[in-house]
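Only the coordinates and a few stated rules stand behind these numbers; no lab work does. Just so it is clear, the model here is predicted, and its values are computed rather than measured. Note: ideal-geometry Cβ built from the backbone for every residue, glycine included; neighbour counts use all protein chains shown.
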Amino acid sequence: MTATMAAGLTAVQAQEPEKKNSIIPEPVSVTSHEGEFLLTRASVVALSGEDLLSTASYFSGYMEEYLGYPLEIRVPNTKKKESVTGEICLVNSDNGETPGGYQLHVTSEGITVRGNDASGVFYGIQTLIQLLPTRAGVLPIVPAVVVEDYPRFPYRGMHLDVVRHYFPVNYIKRYIDYLAWHKLNYFHWHLTDDQGWRVEMKCRPELTAQGANREGEIEGLYPGVYTPLPYGGYYTQEEVKEIVRYAADRYITVVPEIDIPGHCMALLGVYPEFSTTPDEPKKAALTWGIYNKFNNVLAPKPEVFAFLTEVFSELCDLFPGPYIHVGGGDECAKKWWKESEQAQVFMQENGLKDEKALQSYFIHYVQKVLNDKGKILIGWDEIMEGGVSTDCVVMNWRRPGYGIQAAQAGHPVIMASSGYSYFNLKEARRQQEVAHRGYIPVEKVYTYPIVPEELTAEEARRVIGTQACMWTEYFPTPAKVEFGVFPRLAALSENAWSVPEAKS
Ligand code: ACM
């Protein structure tokens, strides 16, 4: 546990001072017993199978890095019917119960973590880590306890915008560690936008050769001052694979986002001919725009659809998870299609009654590319504007009403309403250090009604979870990002994981 986590603990604990344990997110039940167990350098971690090796290595690595105690790992030979014995036993019960659920038993004899599945064992280890001292030198004594636990929602996410500001691979891993410590399981990686294209595409190397760089930077507090400081950076496919693996070892799935048909000026900077104004390069040029609602959008041309097929197919091959986020129309200015003769002719030829229907045409097109690769489309709530099939997942970022509408229409929904979930908004009204209007105190994050009361039981089941977002226009460094993310990440974690009865 770090100082930042400790800060999170304090904030949430303040709500119920008599509580003895300080595990975040709060488990379903924690029962303390007499006694304690001392981990030593001789303690062996025994596993029920090789599927738990990455979790055991993670735990041993944690013990070595933070407490100076690497632990030996032993996989029993199940062919010889050796049982899992040792002071620390990790068992995947594979019992078909809630994925991620686990029991942690600590007695004076040893420690057992039983997971409903392999991810449950990993979460049990996270709970165990929170029972350990936070610094080397203090003996790693764990109090005797029985913890029974399982997550409230299957989707518990955190987002990072690496476009407005780029963060190196090592920091992305650090950020993924923060998610893992909080039992979050999806990392939404916002990879393209108006201000840059940050993922290497073998099919279109120019996207990063040109589109990863921009001419200027905004410096200082909101609204900031434009400075002609060349700025750029991107992730190679090798780096992406490294990050995906790193996340998978922590039971975190990476959800990549390529934003279309709006929020794509970096792409239009590389291919001005894809815009609705190819003869006016300035309107299609790579610019730094803080307010990008009025930027140009993709034109419905054959070469644009060919591009979308190539890029999204390659993206599906690069990211093994089930979801691809397509943005899908957030703040997509329809005026460009209204003013474009080419777009109007396309709409007539394809029986599209208005520009919202054209936006849906783009979404349907990409959805087919994704579905052919076995993937599920996620889009911001604007994807519903012109109608979209209910197997698309809606990520609600505007008012909660749009999340309600999505669940009522039959979509799986991820609740991330900006008034509760945008950690780039400051934490207190008077806070000066960060940007954007409005503020979201930690209590508001903690009490976000993820399942709105308006929903029937059947509709409520469509809410698959929640996530928070970190948009980085005014967060140029890891230190600033952490200033925004903590301690609210702890509140998000508890709201996403802990069943309402367990929450204080
Ligand atoms: C968004 O904030 N435009 C999703």
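Listing for the model above:
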item	result
Reduced Cα scattering model of the chain, Debye log10 I(q)/I(0), q = 0.08, 0.09, 0.13 Å⁻¹	-0.52, -0.65, -1.25
Per-peptide average of other Cβ atoms within 10 Å, ordering 103-109, 467-473 highest first	467-473, 103-109
Region 174-251, relative contact order in percent, only Cα pairs under 8 angstrom and at least six apart counted	26
Contact order relative to length of the chain, as percent, for alpha carbon pairs under 8 angstrom and 6 or more apart	15
For the chain, calculated [θ]222 nm from helices alone, where every DSSP H run of n ≥ 4 adds -39500 (n - 2.57)	-9000 deg cm²/dmol
Among beta bridges that DSSP assigns inside the chain, antiparallel share in %, nearest 5	35
Cα-Cα over 32 Å, subset of Lys373/Lys426; Lys202/Lys426; Lys183/Lys444; Lys183/Lys301; Lys183/Lys356	Lys373/Lys426; Lys202/Lys426; Lys183/Lys301; Lys183/Lys356
Net +/- balance of residues flanking Leu38 in space, Cβ distance below 13 Å, scoring K and R +1, D and E -1	-2
20 Å cut-off, amide nitrogen to a point 7 angstrom out along Val146 Cα→Cβ, residues in region 91-106	91-95, 97-98, 101-106
Environment charge at Val162 (Cβ cut-off 14 Å; Lys +1, Arg +1, Asp -1, Glu -1)	-2
Along principal axes, Cα extents of region 193-246, largest first, whole Å	37, 26, 15
Formal net charge of residues neighbouring Ala180 (Cβ-Cβ distance under 15 Å; K, R +1; D, E -1)	+3
